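Novice: Before I ask anything, here is the structure I am working with.
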Amino acid sequence: MATVQDVYERHFPSGISPSSWEVWSWFFMRISGLLLVFLVLGHLAIMHVFGGGVERVNFDFVAARWHGIFWRSYDWLLLALALLHGSSGTRTVIHDYVHRDGWRVLAKATLYVATFVFLSVGTLVIVTFDPATLAH
């Protein structure tokens with residue numbers, strides 16, 4: 001059975017010795033990208049195409065949708081994968097284009113803090129949403 005390193009080396013020229021972190025980051029981008037395609041297409045179909053389209057989306061629709069664990073999990077997975085996939089890509093861009101060490105550290109630290117904050121707030125909203133406390 002091929003190791004992660006063997007698969008990685010098939011896609012990159014010899015002589016490149018990536019760190020273990022870079023190998024797993026490379027795999028994560030491919031896997032999360034593929035999962036995101038299906039999650040996003042499902043989200044777009046459900047929210048914008050089937051069942052009356054976007055006109056039916058309101059507070060009551062979200063409250064009914066998030067009544068069960070499936071849609072909360074679906075939306076959280078979409079949120080988490082999109083944030084982590086985007087952050088990983090942004091980290092690569094920072095690594096490629098920010099050449100001064102101090103600026104690179106600052107940019108990456110800002111990216112990591114922003115990703116953590118957005119993921120935390122998104123998770124908090126998805127987990128704690130209770131339509132009864134927000135009844136209109």
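Rule-based calculations on the coordinates, nothing more; no lab input. Just so we're clear, the structure is a prediction, and the values are computed from it rather than from any experiment. Because the Cβ atoms are built from the backbone with ideal geometry, glycine has one as well, and the counts that use them run over all protein chains shown.
Novice: Taking the Cβ of H85 as the centre, find all other residues whose Cβ is under 12 Å away and add up their charges (Lys, Arg: +1; Asp, Glu: -1).
Specialist: That sum, taken over residues with Cβ under 12 Å, equals +2.
Novice: Can you find, among S73, Y97, T128, the residue sitting farthest towards the positive end of the charge dipole of the range 4-134, where Lys and Arg contribute +1 and Asp and Glu -1 at Cβ?
Specialist: Y97
Novice: So what is the calculated 222 nm ellipticity per residue for the chain, using -39500 (n - 2.57) for each DSSP H run with n of 4 or more, over all residues, to the nearest 500 deg cm²/dmol?
Specialist: Working: 5 runs with 97 residues, N = 136.
Value at 222 nm, helices only: -24500 deg cm²/dmol.
Novice: Treating the angle as unsigned and between 0 and 90°, give the value, to the nearest 10°, between the Cα long axis of helix 69-97 and the longest Cα principal axis of the chain.
Specialist: It works out to around 30 degrees.
Novice: Taking the Cα centre of the range 4-134 as the origin, how large is its charge dipole in debye, to the nearest 20, when only Lys and Arg (+1) and Asp and Glu (-1) carry charge on their Cβ atoms?
Specialist: On the way: 9 positive and 9 negative charges, 26 e Å.
For the range 4-134, the charge dipole is close to 120 debye.
Novice: Report the residue, chosen from Y112, Y74, Y97, that carries the largest GNM mean-square fluctuation when the chain is represented by alpha-carbon nodes joined by springs under 10 Å.
Specialist: Y97
Novice: While we're here: With the contact rule set at Cα under 8 Å and sequence spacing of 6 or more, what percent relative contact order holds for the chain?
Specialist: Details: 50 pairs, mean separation 33.5, N = 136.
Reported as a whole number, the value is 25 percent.
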